[in-house]
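Scroll down for the structure; my scribbles are underneath it.
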Amino acid sequence: MANDMSHLRVPSLLALWTALMPLAGCGAADPVPPPADRRLVPIGEGEGEGEGEGEGEGEGEGEGEGEGEGEGEGEGEGEGEGEGEPVSGDLGWPLSTILPAPCAPAGFEDDQGAVAWAGWGNTQHPPLLHAALHEPSDPVFGQVYREGVTEAAGQAAGMEAELLVGPLGTSPLEEGRCWRALPAAFNVQVGNNDEYVARVTVGTPGLFSLAYRSRPTGGQWRYGDLGGSDDGFDHRQLSRLVVADPVDAVASRPLIVATVNLRCRADDWEGRLPLVVAALARIAPDLVALQEDCVVPGTTGTQAEEVGSLLSLRTGRGYEFRRHGTHLANHVAGTFEEGVAVLSAHEIESFGSVALPFVHFPRTALFVDVTVGGHAVRFYSTHLDFSPEAAQARADAAAVIVAHADGAADRTVFIGGDLNADPDSAAVATFTTTMVDLWGRANPSQPGLTFPAPQPTTRIDWVFTRPAMARGLRGARLLDERADGTVGVGGAMSDHFGVAVAVEWSSP
């Protein structure tokens, strides 16, 4: 078949479809209540024994080195199982932790039983567009070809097309109920193809994917990505719609930042994945630093992509990710290419990585630049080397990151990660020369132990920001979603608890 892929702009007098789509967060129905927050308790109630060796994490590199012991011994006071309000001086977590329900069924049409047909379709243009909240977007175009039908000038009889809109990182073929279909209007004849056009108006800020589908009367829907339908449909090759937060919106909603070590693909990743997603969905984060993000050699699927896709379905916000691989890691589950990653609910404008000193395996700090409500932000995700002999390397790595962040003086900076370093370490001291430990500032009476889950004895996971931003700190919490002890590392989502902070924009 002959498919003319050229593109013509819309004639100025053409009336374009405009559809209003609130696209609210997935699921107003049947929210799941939060679990009791066992990680923040009043002093004197529910104190644990907390004795343990405090062994840090270890990894093997490449072939056959196995798992190594991490840093630190110590008696470590354990946290109790009691509940209650934070002690005086502790901020706790003042925001809701209700788990949003998945997208409610939205009547996304199922065409099973419809007639298959030979043809082709695509999402033509543009690959990226920005729209203001509650305002129609620029036009989005898609083309369709059916031999003997679309070659003639004008709209082919019986053909129709729809523009699909859903959370970034998800697919209408797998989670159609989180998507909406908007009727598209015939635009122009482009060679042998009919071109259609539609606009979309979105009622919530976020990151969205756009795709076209088309069909003849009685036929199956043909889904087309930016590369066309000949090689199938790939949700990673769809147009992206960015609807930014209004500048005045950040005054009523804090920025939520988190860090989570994923424990690679060990210890039943498929069972732990829903727990990681649930823990993050409860806080609807803006930015997430991920460590031990692993890829099966020879494939491209990352844990960050899996988490981001499911988190998009839970929150309706849409998340994109960036990743930097560092080394091969051996686990009982296999050998994987490991790295660090970032999830962002805001458009990633640029990104990069900084090589760090190490003893055992190569280490890096991945950073992304985003804009949130008019505020420029740089966010780092890092995972420093483990074991006592790497203490100096960790301190040196901290100095490298701090120096790099100093080069972004025009941006608000957050640093999140697994430092393999406790509060008395040289690495933490290096960070806190210019940065603020947000857990320590939010909950000074609480040790914030994070490793090894589910009974942590030491604190090695951290989030920092500069003093000016720390003035707007509203709270911090540990993320430790469980599944009644039936899956994962002792029933936890990882062998680390995550750390989340909520910070309001403060005046200089």
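Net charge within 13 Å of Thr201 by Cβ-Cβ distance, Lys/Arg positive one each and Asp/Glu negative one each, not counting Thr201 itself?
0
Karplus couplings for segment 325-340 from phi (6.51 cos²θ - 1.76 cosθ + 1.60, θ = phi - 60°), rounded to Hz, Gly and Pro as x?
Along segment 325-340, the couplings run x, 10, 6, 8, 10, 8, 9, 4, 6, x, 9, 9, 7, 9, x, 10 Hz.
Kindly rank 303-316, 431-444, 145-158 from highest to lowest mean number of other beta carbons found within 10 Å of each residue.
303-316, 431-444, 145-158
Rounding to the nearest 20 debye, state how big the charge dipole of segment 255-503 is about its Cα centre with +1 on each Lys and Arg Cβ and -1 on each Asp and Glu Cβ.
Value, rounded to 20: 680 debye.
Given segment 255-503, report the % of alpha carbon pairs whose separation exceeds 21 Å.
In whole percent, the long-distance tail amounts to 53.
How far is it, in nm, from the label point at Ala153 to the one at Ala132 when both lie 7 Å from their Cα along the line to the Cβ?
According to this spin-label approximation, the distance is 3.9 nm.
How far, in nm, would the chain grow between Phe186 and Ser445 when pulled straight, counting 0.36 nm per residue and subtracting the alpha carbon separation?
Full extension from Phe186 to Ser445 adds 86.8 nm.
Using 0.36 nm per residue, how much length does the chain from Glu270 to Ala104 gain when fully extended, once their Cα-Cα distance is taken away?
Value of the extension gain: 57.4 nm.
How do the peptides 224-233, 411-420, 468-477 rank, highest first, by the average count of neighbouring beta carbon atoms within 10 Å per residue?
Per-residue Cβ counts within 10 Å, averaged per peptide and sorted highest first, yield 411-420, 468-477, 224-233.
Can you order the peptides 292-302, 317-327, 127-137, 170-180 by their average number of other Cβ atoms within 10 Å per residue, highest first?
317-327, 170-180, 292-302, 127-137
Distance in nm between label sites at Arg471 and Gln220, each 7 Å beyond Cα in the beta-carbon direction?
Simple spin-label model gives 6.1 nm for this pair.
Which value in Å does the Kirkwood hydrodynamic radius of segment 233-382 take, with 1/r averaged over all unlike C-alpha pairs and then inverted?
Kirkwood radius, segment 233-382: 16.2 Å.
Computed from the coordinates by the stated procedures, all read-outs in this text should not be read as laboratory data. Model, not experiment: these values are computed from the prediction. Cβ: placed from backbone, ideal geometry, glycine included. Neighbour counts: every protein chain shown.
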